[in-house]
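Enquirer: The structure that follows is given in the form of structure tokens.
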Amino acid sequence: MAAFDYSDLRDTVVQPLLKDFGKDAVLLMPGVTVGPAYDPQPGADIEQPVTVVATKITAEDTVGTNVQMTDEAYLVSSEGVLVDPKLVDRIRIGGQVLQVILIKSLKPGPVLMLWKVFVRR
């Protein structure tokens, strides 16, 4: 029996729904460090546009993690994103920059559907 191909579901259902109900945001990834080794300076952030939908944090999300009920969670579309989000990244939503504290990917089989990203103010 052949494995189910989730990419069609992602492309026809998940990404359009996130686009319809989400809002624009920017994933801010640290740029390349510049300067001499004895005085390194952070480079300019690399900006990746993303679509996000606010979601709730459940008690289940906090068990065994550093996520607190006062944090925020967003579903982040994988559409057009070239690099997976990392814990050193930040997200700018509506002019406010939030620090990424946990990332969970929804990935049935080999197909990445979206990320649930937890952020802190």
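Each reported figure results from applying straightforward, stated rules to the coordinates on display, with no laboratory input. This one's a predicted model, so the numbers in the text were calculated from it and none came from an experiment. A quick note on method: Cβ atoms are made from the backbone with ideal geometry, for glycine too, and the neighbour counts reach across all protein chains shown.
Enquirer: Per-residue HN-Hα couplings for the range 10-21, Karplus 6.51 cos²θ - 1.76 cosθ + 1.60 at θ = phi - 60°, whole Hz, x for Gly and Pro?
Expert: Per residue, the Karplus-derived 3J(HN,Hα) values read 4, 6, 9, 10, 5, 5, x, 5, 4, 5, 5, 9 Hz.
Enquirer: Would you be so kind as to identify which of Y74, L98, V63 lies farthest towards the positive end of the dipole of the chain, taking Lys and Arg as +1 and Asp and Glu as -1 on Cβ and the Cα centre as origin?
Expert: The residue sitting most towards the positive pole is V63.
Enquirer: Right, next: Give the label of the value calculated from the structure for volume of the Cα convex hull per residue in Å³, choosing from [x] 152; [y] 91; [z] 237.
Expert: Only one listed value fits the structure, namely [x].
Enquirer: I've got another one for you. Relative contact order of the chain: what whole-number percent is it, with Cα pairs under 8 angstrom and at least 6 residues apart?
Expert: Details: 221 pairs, mean separation 29.9, N = 121.
That works out to 25 percent.
Enquirer: Turning to a different aspect of this structure: Treat the count of other C-beta atoms within 10 Å as a stand-in for reagent exposure and order Y74, Y38 from fewest to most.
Expert: Final ranking by Cβ density, sparse to dense: Y38, Y74.
Enquirer: Here's a follow-up. Compute the distance from the alpha-carbon center of the range 49-74 to that of the range 85-121, in whole Å.
Expert: After rounding, the separation between the Cα centres reads 9 Å.
Enquirer: Are there GluC sites (Glu not before Pro) in the range 56-93 that DSSP marks as loop and that have at most 16 other Cβ atoms within 10 Å, and which are they?
Expert: When the GluC sites (Glu not before Pro) of the range 56-93 are filtered for loop state and at most 16 Cβ neighbours within 10 Å, E79 remain.
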